[in-house]
Structure formats: structure tokens, C-alpha cells
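The values are calculated or read from the model by the stated rules, or taken from the named source; none is laboratory data. Computed from a prediction, not measured in an experiment: that's the story for all the values here. When we count neighbours, we look across all protein chains shown, and the Cβ atoms used for this are built from the backbone with ideal geometry, even at glycine.
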């Protein structure tokens, strides 16, 4: 039994297609089918029911799938341990970033600091919807995730709080509201609103607060891409509610404090009980050190970037 055979089997079990599994494995379909057949012969049991072009796991195949995944994960972690015996002179750290969280000044600082220390390690940032990140961790598609605090805890995911930030009203510098120092949700509801779509955590926080206060915040336009929202706001007509970091370095926008404080708790997620490469643990270490430094501002906004960095245990309602 070889590691590659187990990998072929797991891919075939995931896709229920030898053709698709061969594509994922980067081999010819005939090669993959032959290797899976050899694995079945060695085990002495059929792993798949073959029905023309369709395949289905047998009962024995379903049982063996858990063992195969565990063996592959053990092999992956073993290779990582060996790799960590060498200096950090290469490799990639895959970082998942929740949509709406944005490339904050804190994360930008960590990326720069890490690169100065380990210039040969590539840092790859993947921005996606927050609910997708735990699944990407389980698939080993990313090494860690920076995301909004999960609503529920998964036993296989380790969640460590980082900081919290505020939502703010965002308008064009030419908008009639641009000279306001603060605005309420009720005032904002009287203007044309473009807001994040309901599938984003930011919108959930906005809707929860509005419902709690009995305010009907009804956007005219909803978009699941914050860059498009910012583009519309910059046009001069629209008003939005976004995190501080989302509008960093965007010229022509004005951020206005919300009278109703709406907080976004942020956490770093990793796989629980899973070996983490030195390259990953070092990145997380620097991320937490940078967070602690920002929190020494005693829950004040950053004077340079305008972002808010508050202790994660702060009131979030």
C-alpha cells in the first residue's frame, strides 16, 4: 500500500468520479483506476461499486476512508516536522482572510515584519466569505484564518481572539453628510444605502443592531464585494456602513462614527490538535504580538490609520 494509492482513493471518494479524481491527482484516469484496483487487491475488499461511468463507495470503502485520511494527514504532518528541522528558507504560508475584514494596518505590518525576517517564505492571502474558512482549514487549503469571531465553536477548530474593531458610516467627501462627526442608524436609514449582502458577517451585525433598536435599515443595493460598495460610495450619492479597515488608503472617502457602537470581534483560526509548521507558528506569534501592541492604545483609534483596535473581551453589542 502506497501513499499515492491512498491519495487517489481519497480523491475518488470525494468526487465519486475516477475522471475528476484523476484531474485532481494530476494523473491519467487509467493510471488512477489501475492504482485503486491494486489497492483493493492488496486489501482484499472492493472499495467502490462500479456502475458504468459512475462509482459509489462500498460499506468497506466508507470505513476505510477515515483510516486513509488519517494516514495521509499523519504523512503530511511528518513531512512538515522534517521540513521544520531546516531554517525557514522557503515554502508558503497560506492565510485565509474573511471578506470584509480587509487588509488592515495590523495585518500589513505583520506581513512586512515577517517578510523582513523570512524573505524566502511566500505569504499567500486568500480572501473569501467567513463561513468558508473552517472548511478550507479542514481541507488544508489554508494554514490559518483571520476572521470574525465564529458564532459557534467547532471542536476541530482552535479559535483565539485577536481584537475587535468598529463599523462606521462611509460617505464621499462631497456628500452632504461628510461634515458630520457622528450619525445614528436612524439618520442613515433616511439616505440611499448600499450595504454588504446578507451572507456577510458585517451585514448580520448591522441587521442585529437595527432590529434591537427597532430601526428599519433597508438598503437600496446589496453587494457581496466590498470593493464595489466603496466604488459606489465614492461616486457621491450612496452611503454605506463598513469596517474601518475596508476603506484604508481610499481617497475621497470620509468615515463617520456611528452613535450605536457596532463591534466586529476578530479571531485567528487554526486546526485543533494538528501539527503547525514553524513558518505558520511564527506568523501567528507575530500577529499576536502586533495585536497586543495595538491594544496598548487603551481602546483608542489608531492615530495613524484611523482604525479601531479594541480588546476582544470588550462589549460587542
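All of 33, 25 fail the test of being more than 17 Å from residue 72 (Cβ to Cβ) and either outside the structural domain of residue 71 (by TED's automatic domain parsing) or in contact (Cβ under 8 Å) with a residue 12 or more places away in the chain (or both), apart from 33. Has region 218-229 got at least one residue that is within 27 Å of the chain's Cα centre (by Cα), outside any loop (DSSP other than H, G, I, E, B), at pLDDT below 95 and crowded, with 21+ Cβ neighbours inside 10 Å? Taking every residue of region 218-229 in turn, at least one turns out to be within 27 Å of the chain's Cα centre (by Cα), outside any loop (DSSP other than H, G, I, E, B), at pLDDT below 95 and crowded, with 21+ Cβ neighbours inside 10 Å.
When region 31-47 is filtered for residues that are farther than 15 Å from residue 7 by Cα and touching a helix residue (DSSP H, G or I) at 6+ places or on another chain (Cβ under 9 Å), the ones remaining, listed by number, are 42, 43, 45, 46.
Residues in region 70-97 that are surrounded by fewer than 16 Cβ atoms within 10 Å (Cβ to Cβ) and closer than 22 Å to residue 132 by Cα were compared, and the one that is modelled with the highest pLDDT is 92. Of all the numbered requirements in (1) outside the structural domain of residue 120 (by TED's automatic domain parsing); (2) outside any strand (DSSP E or B); (3) in contact with a helix residue (DSSP H, G or I) (Cβ under 7 Å, 6 or more places away or on another chain); (4) modelled with pLDDT of 75 or more, residue 242 misses one, and that requirement is (2).
Residues in region 150-172 that are in a loop (DSSP other than H, G, I, E, B) and either touching a helix residue (DSSP H, G or I) at 6+ places or on another chain (Cβ under 9 Å) or at positive phi (or both) were compared, and the one that is modelled with the highest pLDDT is 156.
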